[in-house]
Amino acid sequence: MPGSSLYASALAGWRTGLLATFSWIALGIESIIHPQQNNIRDLYWMIPFTLTALTFVYLHRLQRSATFLTEQIAFYALMGSMALVWLGNVGLLTDQPLLTIFSFPYGPLLWISALIGYGVVTLKINRLPRYVGWTLILLEPVSLLCGLALSPVAPLLDRGAYSAGVEKGMAVFLVAWGIRSLTRRIN
């Protein structure tokens, strides 16, 4: 039965990753089409971010191992950093300065570090295609570059603008595609 459990996790990870992909891309395109600050996007941002976290939960289920403790540590660091970023966004929405520090700068710095760590561990485990690990490592740095590249069209703002969501959507799609590749091997 472990095979069927892995298959169910891979299928759920693929589907959740697709939902995250479309949510990120929709948020990014809307931010590019309407480049002015719109703070309601901070609320909408929580949808793809939460779906991305769930995709990472399925990724963890597929590659965790009792003999590879580093994966579990890296995964919990990733989830902890994502929880802090999520709380930071709650701080933005509710105007709570104590929480907004996790929206920027501390939350994203922790998240970038955790993504890089989890990507390295994913590469070492070598259960998924290598591009999954590299995508995790490069997800946020490339997102920052994407935001800068789009800044002539969609200016960088303190909040309420997520043009780089397009890149995040493509990155999450690559992770989801890697998860999907396991469904063929498991089934």
Ranked from highest to lowest mean number of other Cβ atoms within 10 Å per residue, what is the order of the peptides 140-152, 82-94, 47-59? 47-59, 82-94, 140-152
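Could you provide, to the nearest whole Å², the per residue accessible area of the chain with probe 1.4 Å?
The answer is 50 Å² per residue.
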Taking percent of Cα pairs over 29 Å apart as the quantity of interest, determine which of (i) 26; (ii) 31; (iii) 20 was computed from the displayed structure. (iii)
With θ taken as phi - 60° and the coefficients 6.51, -1.76 and 1.60, list the Karplus ³J(HN,Hα) couplings across segment 165-173 in order, rounded to whole Hz; mark glycine and proline as x. x, 4, 5, 4, x, 5, 5, 5, 4
Using each residue's phi in segment 37-42, evaluate 6.51 cos²θ - 1.76 cosθ + 1.60 at θ = phi - 60° and report the 3J(HN,Hα) Karplus result to the nearest Hz, with x for Gly and Pro. 5, 9, 5, 5, 4, 4
SER103's amide H: which non-local residues (gap 5+, or another chain) put their own amide H closer than 5 Å, with H modeled 1.01 Å from N in plane and none for Pro or chain starts? GLY88
Using 7 Å Cα-to-Cβ label points, what is the PHE104/THR183 separation (nm, one decimal)? 3.7 nm
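Run lengths n ≥ 4 of DSSP H only: what is the helix-derived mean residue ellipticity at 222 nm for the chain, with -39500 (n - 2.57) per run over all residues, to the nearest 500? Walk me through the numbers on the way to the answer.
Details: 8 runs with 148 residues, N = 187.
Roughly -27000 deg cm²/dmol at 222 nm, from the helical runs in the chain.
Could you compute the FRET efficiency for ILE47 and LYS124, with r as their C-beta to C-beta distance and R0 at 30 Å, rounded to 0.05?
Details: r = 32 Å, r/R0 = 1.05.
Result of the calculation: an efficiency of 0.45.
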Under 12 Å from the 7 Å Cα→Cβ point of ILE29, by amide nitrogen: which residues of segment 160-187? 166
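The values are calculated or read from the model by the stated rules, or taken from the named source; none is laboratory data. Just so it is clear, the model here is predicted, and its values are computed rather than measured. Positions of Cβ are backbone-derived with ideal geometry, glycine not excepted, and every protein chain shown enters the neighbour counts. Please note that ligands, DNA and RNA were not included when accessible areas were found on the heavy atoms of the full protein model with its side chains. Shrake-Rupley method; radii C 1.70, N 1.55, O 1.52, S 1.80 Å.
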